[in-house]
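Trainee: Pasting in a structure now, in structure tokens, and then I'll have a few things to ask.
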Amino acid sequence: MTSIKENLRQTIFLFFLGVPLLLLVSACTDSSSEDTSGGGEAMGEASGEEEETNEAEVEDESEGAEELVETKQITSWFPQVENAGQYYAAMEGFYEEEGLDMTVEPGGPEVSSVQIVASGQAEYGMAQADQMLSAVNDGIPLVAIFTNFQTTPQGIMFHEGEPVENFDDLADGYDIYTAPGAGYWEYLVETTDIEQEQNMVYNGSNSEFMSNEKAASQMYVTSEPFYLEQEGVETDYLTIAESGYSPYGDVLFTTQEHLEENPEEVQAFVNAVTKGWEAFKEEPAPLYSYLMGLQDGLSEEQMAYATEEMQELVYGGDAEVNGVGYMSEQRWQTLIDQMTDLGLIEEGMAPEDIYTTEFLQ
């Protein structure tokens, strides 16, 4: 899709190409001004009117070309390198290149991007794939258009040295901290020896985990192990995907209505984020300073650590062949089946109800 900036460059080129022709017409008019019939005067007036009309048309086209479509997205958390595609696009002006005046608004523990997008306060949001299925099951017509992570970076961490090799081992007296209603927790209770009574509510703090050797906790493989090591706490972990429950991570979505009414805008958004992830893969370091300007507490060391951990999660799997952001019908169907079996969603949902690859390059 041709961007608005490209249209502007073409318009300006055509304008300056036409200037010498207008001057030539004006010169011819002046040389015939002695014609007493009045025809020369009339020609001059006509040429002047045509010149003014052409200039007005070019000006109108230029003004139209400079107009960007205002839109907003809500991320899943505070500014972080895990959302590199969106932030790199903002840093490098990829949204503007695609004709968008994009506001990137950070999420957080008290922010529901699903509710914000559903209420029309933003056009795009971010959530885990199973969260999206729950929303659609509740009657919120969302559609996934891109996934940041082919493999979710979510996992369960435990203290290094603990005799844990698989999820069944966590059934041996561990307190396990997870967010309320997490789909993967219900799956672990159903498919492993873990008991529902072991669940403790994760409140965003790792203090309980740090003080209890028999504690396990939800985490992102790109984040908590690094920060806890700085505190002198060594950890090990199992990824959620290792359990067989593998939802796409940090999925970008919009509403069905917005997609149907604004397909070119959706395409522009996906194009910009794709460019962001591709540029980040080639040269990640410039994004670090940009993010540190947006969020206190970030460090280049942590972001470099996360970047290394993210490579396979973002660019591996199906993305190796199909490109970053890709989603498959099989993966969505597997997740739908798992959540249906767990009683988390009603029967009858199909992959085409929840995602599209129409906008992926």
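The values are calculated or read from the model by the stated rules, or taken from the named source; none is laboratory data. Note that the structure is a prediction, hence the values are computed from the model and not measured. As a convention, Cβ positions derive from the backbone with ideal geometry for all residues, glycine included, and neighbour counts pool all protein chains shown.
Trainee: Please go through (1) crowded, with 21+ Cβ neighbours inside 10 Å; (2) within 25 Å of GLU308 (Cβ to Cβ) for GLN218 and return the number of the only condition it doesn't satisfy.
Mentor: (1)
Trainee: Now, a different point. Exactly one condition in (1) touching a strand residue (DSSP E or B) at 6+ places or on another chain (Cβ under 7 Å); (2) under 30 Å from ILE145 (Cα atoms); (3) not assigned by TED's automatic domain parsing to the domain that holds TRP332 is not met by ALA215; state its number.
Mentor: (2)
Trainee: Hey, does segment 271-287 have a residue that's touching a strand residue (DSSP E or B) at 6+ places or on another chain (Cβ under 7 Å) and either crowded, with 23+ Cβ neighbours inside 10 Å or at positive phi (or both)? Outline the logic, then answer.
Mentor: If we filter segment 271-287 for residues that are touching a strand residue (DSSP E or B) at 6+ places or on another chain (Cβ under 7 Å), which is where we start, we get 272-273.
Right, trim to either crowded, with 23+ Cβ neighbours inside 10 Å or at positive phi (or both) and you get 272-273.
Taking every residue of segment 271-287 in turn, at least one turns out to be touching a strand residue (DSSP E or B) at 6+ places or on another chain (Cβ under 7 Å) and either crowded, with 23+ Cβ neighbours inside 10 Å or at positive phi (or both).
Trainee: Moving on to the next point. Tally up the residues in segment 321-345 that are within 19 Å of the chain's Cα centre (by Cα), assigned to a loop (DSSP other than H, G, I, E, B) and surrounded by fewer than 16 Cβ atoms within 10 Å (Cβ to Cβ), please.
Mentor: 1
Trainee: Right, here's the next one. If you go through segment 184-209, how many residues are surrounded by fewer than 16 Cβ atoms within 10 Å (Cβ to Cβ) and not in a helix (DSSP H, G or I)?
Mentor: 6
Trainee: So, of the residues in segment 149-190 that are among the polar types (S, T, N, Q) and out of contact with any Phe, Trp or Tyr (no Cβ under 8 Å at 6 or more places or on another chain), which turns out to be farthest from THR235 (Cα to Cα)? Walk me through how you get there before you give the answer.
Mentor: Filtering segment 149-190 down to residues among the polar types (S, T, N, Q) leaves 150-152, 154, 166, 178.
Going one step further and asking which of them are out of contact with any Phe, Trp or Tyr (no Cβ under 8 Å at 6 or more places or on another chain), we end up with 151, 166.
Values: THR151: 21, ASN166: 15 Å.
By that ranking, first place goes to THR151.
Trainee: Being modelled with pLDDT under 95 and either of a type in the set (Val, Ile, Thr) or more than 25 Å from the chain's Cα centre (by Cα) (or both) narrows it down to one of TYR202, TYR187, so name that one.
Mentor: Numbers: TYR187 fails: modelled with pLDDT under 95.
It is TYR202.
Trainee: Additional query: Within segment 288-338, can you find the residues that are on the phi > 0 side of the Ramachandran plot and free of Cβ contacts under 8 Å to residues at least 24 places away in the same chain?
Mentor: Start the filter on segment 288-338 by keeping residues that are on the phi > 0 side of the Ramachandran plot, which leaves 297, 317, 323, 325.
Result: GLY297, single match.
Trainee: Quick one: would you say GLY348 is surrounded by fewer than 17 Cβ atoms within 10 Å (Cβ to Cβ) and part of a loop (DSSP other than H, G, I, E, B)? It would help to see each step written out before you state the result.
Mentor: Details: surrounded by fewer than 17 Cβ atoms within 10 Å (Cβ to Cβ): yes; part of a loop (DSSP other than H, G, I, E, B): yes.
Spelling it out, GLY348 is indeed surrounded by fewer than 17 Cβ atoms within 10 Å (Cβ to Cβ) and part of a loop (DSSP other than H, G, I, E, B).
Trainee: Check segment 275-285 and report whether any residue there is in contact with a Leu (Cβ under 7 Å, 6 or more places away or on another chain), assigned by TED's automatic domain parsing to the domain that holds ASN83, farther than 29 Å from SER134 by Cα and without any contact (Cβ under 8 Å) to a residue 12 or more places away in the chain. I'd like the intermediate steps shown before the answer.
Mentor: Of all residues in segment 275-285, those in contact with a Leu (Cβ under 7 Å, 6 or more places away or on another chain) come to 280.
In the following step, the residues that additionally are assigned by TED's automatic domain parsing to the domain that holds ASN83 were identified as 280.
Then keep just the ones that are farther than 29 Å from SER134 by Cα; that gives 280.
Among the residues that remain, those that are also without any contact (Cβ under 8 Å) to a residue 12 or more places away in the chain are: none.
The answer is no; no qualifying residue exists.
Trainee: Turning to a different aspect of this structure: Hey, which of the helices (runs of 4 or more DSSP H) in segment 72-166, taking only ones fully inside, have at least 1 residues that are within 25 Å of ASN199 (Cα to Cα), touching a Pro at 6+ places or on another chain (Cβ under 7 Å) and at pLDDT 95 or above? Talk me through it step by step, then tell me what you get.
Mentor: Working: elements: 84-92, 94-97, 113-118, 129-137.
Correct list: 129-137.
Trainee: Sticking with this one: What pairs come up if the first residue lies in segment 98-126 and is more than 17 Å from ASP250 (Cβ to Cβ), the second is among the small types (Gly, Ala, Ser) and surrounded by 19 or more Cβ atoms within 10 Å (Cβ to Cβ), and their beta carbons are under 6 Å apart, counting only those six or more places apart or on different chains?
Mentor: Within 6 Å, the pairs are GLU98/ALA268; GLU98/ALA272; GLY99/ALA268; LEU100/ALA268.
Trainee: Any idea which of (1) surrounded by 19 or more Cβ atoms within 10 Å (Cβ to Cβ); (2) acidic (Asp, Glu); (3) free of Cβ contacts under 8 Å to residues at least 40 places away in the same chain is the one GLU224 doesn't satisfy?
Mentor: Tallying (1) surrounded by 19 or more Cβ atoms within 10 Å (Cβ to Cβ); (2) acidic (Asp, Glu); (3) free of Cβ contacts under 8 Å to residues at least 40 places away in the same chain, GLU224 fails exactly one: (3).
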